[in-house]
There are 2 protein chains.
Amino acid sequence: MTTPEGTRGSGDPPVFDTAFRDDLHRLFVWRRDVRGFRRAPLPEGALERLLGLASLSPSVGLSEPWRFVIVESETARGAVRASFKACNADALKTQTDERASIYARLKLAGLDDAPCQFAVFTDHATVQGHGLGRATMPETVDYSAVMAIHTIWLAARAEGLGLGWVSILDPGRIAEILDVPPGWTFIGYFCLGYPSGDHRTPELEREGWDARATPATRILTR
Amino acid sequence: MTTPEGTRGSGDPPVFDTAFRDDLHRLFVWRRDVRGFRRAPLPEGALERLLGLASLSPSVGLSEPWRFVIVESETARGAVRASFKACNADALKTQTDERASIYARLKLAGLDDAPCQFAVFTDHATVQGHGLGRATMPETVDYSAVMAIHTIWLAARAEGLGLGWVSILDPGRIAEILDVPPGWTFIGYFCLGYPSGDHRTPELEREGWDARATPATRILTR
């Protein structure tokens, strides 16, 4: 599992030109949280390649605390799906009727169709990195894994693949289903595959769930 | 504050070619956590452009909970620097002597030189997104901001700019210094500027702090 440069020497620093930056911006614009998948399998080696790229992500104190659990067995997938359905039913109770109907209409998970599924955990007990940088903010361990997920998201979209993040789950139950080492922290469950459509705007925006804000409203100066 | 496509119509989905993907992989490979900065200012509008791109990041339930605080005043910067120094001194106490000397040698923060500095917070109380997707895992609010930070990191590197994440800080103290609305959660403090050097490997690896692991060792299958 190597990256395109994984086996090369150090080489000269790349210079990224305007054409690349424009395409990178398009990648940010067109990346989507995908809920609808075609059932076609991923190209051979695609997941391994994406996980290899993920390992290039920033991690606190070089701790690389991300742990990937590829979920292939029908038993495990069925149990995850059941946990999602139970949590989703609970979540619906807290929404008003009108919103609940929109909520229910949105296909919140590609769990039934996505050909590739994996969970991400972190290992806070890892000795790698010797604890550097995380004394006051241990949550930076989890943040490292989140950036690895975001790397997968972008790299997948650049290959025409879509990723969907399933967060309506019970973390303890998922750890139990996937029988991970004790102490691992559950970060998220992911569906990966060819999307059933390409969209420039988020599904939640298209469905009228909410609108995106003007970025300037998110900025203070001190 | 618009993205390159921010004012266009929906357009056709982009197709990313092999050349773009190779450059994207190079971006992942050469992105660094930068600690050494030149004092030269950023190009006009660069920060606003980067924060605009960050707003294209995934967010749980379309909540866009990220909040950016640009830190310009010398008083605020000095107070952040003092908090870092205090926390860093505490962190050093937990390291063995040999490691502590490496630790001290590493310039852990570009706080003295970085021309641009900002903090990122999240607003868990935001009504945007109507709570969707975060009932069982409220930490996904913070994860959304972390992906926005990662977007800035990548977009900055593509412009030849470096980002450094300062995590050795007391979150409560930073919120106090920056006088943010009550209830905001501190995610991280960031230095942005032209890096003093370009490197293919992390500074912590070059300095012998730790080595990176083989990605395959981070993967289980269930």
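Readers should treat all values here as calculations from the given coordinates under stated rules, not as data from a laboratory. This one's a predicted model, so the numbers in the text were calculated from it and none came from an experiment. Neighbour counts run over all protein chains shown; Cβ positions are idealised from the backbone, glycine included.
Averaged over the residues of B:62-68, the number of partner chain Cβ atoms lying within 10 Å of the residue Cβ comes to 5.
As a proxy for reagent exposure, ranking B:D33, A:D22 by other Cβ atoms within 10 Å from fewest up yields A:D22, B:D33. All other residues whose Cβ lies under 13 angstrom from that of A:V141 are scored, Lys and Arg at +1 and Asp and Glu at -1, for a net of -4.
If one computes the Cα centroid of the range A:13-33 and of the range A:56-99, what distance in Å separates the two points? Measuring centre to centre over Cα atoms gives 28 Å. For chain A, the normalised intensity computed at q = 0.12, 0.13 Å⁻¹ comes to -0.78, -0.91 (log10 of I(q)/I(0), Debye sum over alpha carbons, equal scatterers, no solvent). Put the Cα centre of the range A:127-164 next to the Cα centre of the range A:168-222 and the gap is 13 Å.
Summing Lys, Arg as +1 and Asp, Glu as -1, what charge do residues with Cβ under 14 Å from the Cβ of B:D90 carry, B:D90 excluded?
+3
Taking all Cα pairs closer than 8 Å and separated by 6 or more residues, the relative contact order of chain A comes to 34 percent.
Let me confirm one metric for peptide A:195-208, namely the mean number of other chain beta-carbon atoms within 10 Å of its residues' beta-carbons. Don't skip to the answer; put the middle values down first.
Details: counts 1, 0, 1, 4, 2, 8, 1, 5, 1, 8, 1, 0, 1, 0.
Partner Cβ neighbours, averaged per residue: 2.
Shape call for the protein assembly as shown from the C-alpha gyration tensor, a ≥ b ≥ c root eigenvalues: rounded (a/c under 1.5), prolate (a/b greater than b/c) or oblate? In terms of gyration-tensor shape, rounded.
Adding -39500 (n - 2.57) for every DSSP H run of four residues or longer, then dividing by how many residues the protein assembly as shown holds, sets the calculated 222 nm ellipticity at -11500 deg cm²/dmol. Remark: mean inter-chain Cβ contacts per residue of B:83-93 equal 2, using a 10 Å Cβ-Cβ cutoff to other protein chain atoms.
Among DSSP bridges having both ends in the range B:46-209, what percentage is antiparallel? Round to the nearest 5.
Values: 18 of 18 bridges.
Close to 100 percent.
For chain A, the dipole from Cβ point charges (+1 on Lys and Arg, -1 on Asp and Glu) about the Cα centre works out to 480 debye, to the nearest 20. Inter-label distance, A:R206 to B:A125: 3.5 nm, where each label sits 7 Å from its Cα along the C-beta direction. Panel order for B:Y194, B:Y189, by other beta carbons found within 10 Å of each beta carbon, from fewest to most: B:Y194, B:Y189. Shown is the FRET efficiency for B:E176 and A:E44, computed with R0 = 51 Å from the Cβ-Cβ distance and rounded to the nearest 0.05: 0.45.
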